[in-house]
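In what follows, a single structure is set out as structure tokens and then discussed.
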Amino acid sequence: MKRDGRQTTRDLRRHNRTAVLARLYLHGPASRFDLMGATGLSSATVSNVVTDLVADGLVAEAGLLDSDGGRPRTLLEVRPGYAQVAGVDIGETHVEVGLFDWTLDDTLATATYPIDEGAPDPAVLAGLVTAGIEEVTAKAGADPAGLLGVGVGVPGTVLPDGLVHAPTLGWSGVPFDTLIKPHVAAPLHLDNCARTLGQAEMWRGAGRGAERAIVALLAVGVGAAVATGSPSGVTSTTSEWGHTVVEAGGAPCRCGSRGCLEAYVGADAILAHYDSLPGAPALPGTGSEARITALGDAAAHPGAAADTVRRAAEYLGIGIANLINLLSPDRVILSGWTSATLGPAMLPAVQDAVRRHALDYMAAATSLDLGRLGPEAVALGAATLPVHELLTAQ
């Protein structure tokens, strides 16, 4: 609380703890001297805060750092064993649940459940979420009630009242959190999966060190997060990038418009174009993910698959060039399962398209990279939600 517009002692203590803990969490081990420089706090304040964080089990000593001519300094780091978090990816093709240590450096267990594509029943997906939490905690020997929290990433908008609007799932105003809460003992957090993925890439992935990164989530749907880094943390916001128009009067999009980027680079749109090509061999497998994987394998050789990937790369490059011209990021990161599958094959063509369509000086200042968080990237992103709550609630 504040009295007469002034911070209380409790407010000040919380601010100081947040500053020190966020610095150690986001930037790695540091000495007390380093923490003074990074936070602007006095030596006595840093010492008191560190003593409290160590006593609470959040921080531990991490060895000594040699100094020039002086006494070695003790390094401090966040303690991985403090807590575990669960992250849930509600995708258009699957529900994936991951269990991580709270530093998000280690994946302890995962569980993935395929779902029927289209408009899945929210209650069915909620049941898969709770089953997944039970499965991963059992695998890791963890107490579900002892988790720091459960983060859920959904491919849509989560309103302040908790209602989820996810057109790719056919949801409009679904109270998804109320379907899960009765069956989850740990604190529950919901947010847009592109936003949380952007936060994770900035914390632990390809966005580390960037001042402003755009994280593109490519799957059946297409989304993007604009993540801005600062010494105290990361701000990540989403945009409906997939529904910006890249061709007037172009291919129909499921949003009702025509020529949207998603209608060219979404997984189903890529597969539909391939299937429309005369003489294109049938792709093995069922479901979008299996068929995209087969397409990526076939694209290694000249033919319909390579032509399809090259076409998607051109439109993706146009979409990225638009983002660069509008927002001037220093990094663009391609993430999501479609990027993981087709990204290595598409990247050179995407980079070429970006060079041709973005302003030269802006393109030269922007790097284009693939995500580095692995197959459970979206679940890991969701797991940042309870961690963020801890870092900011000190």
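Listed here are the strands (runs of 3 or more DSSP E) enclosed by segment 76-178 that have at least 1 residues being charged (D, E, K, R) and open to solvent by 10 Å² or more (accessible area, probe 1.4 Å): 84-90, 94-101. A residue that is without any contact (Cβ under 8 Å) to a residue 12 or more places away in the chain, within 29 Å of the chain's Cα centre (by Cα), under 25 Å from Pro329 (Cα atoms) and surrounded by fewer than 18 Cβ atoms within 10 Å (Cβ to Cβ) can be found somewhere in segment 235-247. Scanning segment 260-319 for residues that are small (Gly, Ala, Ser), over 23 Å from Val354 (Cα atoms), in contact (Cβ under 8 Å) with a residue 24 or more places away in the chain and part of a loop (DSSP other than H, G, I, E, B) gives Gly279, Ala280, Gly287.
Restricting attention to segment 379-394, the residues that are in contact with a His (Cβ under 9 Å, 6 or more places away or on another chain) and either part of a loop (DSSP other than H, G, I, E, B) or on the phi > 0 side of the Ramachandran plot (or both) total 1.
Out of segment 351-377, which residues are small (Gly, Ala, Ser) and either touching a Lys or Arg at 6+ places or on another chain (Cβ under 6 Å) or surrounded by fewer than 20 Cβ atoms within 10 Å (Cβ to Cβ) (or both)? Listed by number, the residues that qualify are Ala363, Ala364, Ala365, Ser367, Gly374. Residues in segment 356-378 that are in contact with an Asp or Glu (Cβ under 8 Å, 6 or more places away or on another chain) and part of a loop (DSSP other than H, G, I, E, B): Ala365, Thr366, Gly371, Arg372, Leu373, Glu376. The set of residues in segment 179-195 being surrounded by fewer than 17 Cβ atoms within 10 Å (Cβ to Cβ) and in contact with a strand residue (DSSP E or B) (Cβ under 6 Å, 6 or more places away or on another chain) consists of Lys181, Pro187. Here Ala216 qualifies as open to solvent by less than 10 Å² (accessible area, probe 1.4 Å) and either in contact (Cβ under 8 Å) with a residue 60 or more places away in the chain or not in a strand (DSSP E or B) (or both).
Considering only residues in segment 37-61 that are surrounded by fewer than 18 Cβ atoms within 10 Å (Cβ to Cβ) and either among the aliphatic types (A, V, I, L, M) or within 26 Å of the chain's Cα centre (by Cα) (or both), the one that is nearest to Arg73 (Cα to Cα) turns out to be Ala60.
Considering each residue of segment 341-350, count those that are of a type in the set (S, T, N, Q) and surrounded by fewer than 17 Cβ atoms within 10 Å (Cβ to Cβ), and give that number. Going through segment 341-350 one residue at a time, the tally reaches 0.
Of all the numbered requirements in (1) within 26 Å of Gly91 (Cβ to Cβ); (2) open to solvent by 10 Å² or more (accessible area, probe 1.4 Å), Asn325 misses one, and that requirement is (1). For first residues located in segment 109-133 and more than 20 Å from Glu376 (Cα to Cα), partners that are of a type outside the set (D, E, K, R) and surrounded by fewer than 16 Cβ atoms within 10 Å (Cβ to Cβ) and lie 6+ apart or on another chain with Cβ distances below 7 Å form the pairs Gly118/Gly170; Ala119/Gly170.
The values are calculated or read from the model by the stated rules, or taken from the named source; none is laboratory data. For clarity, every value in this text was computed on a predicted model and none was experimentally measured. Every residue, glycine as well, gets a Cβ built from its backbone with ideal geometry; the counts of neighbours run over all protein chains shown. All accessible areas refer to the heavy atoms of the entire protein, side chains included, with ligands and DNA or RNA removed. Shrake-Rupley method; radii C 1.70, N 1.55, O 1.52, S 1.80 Å.
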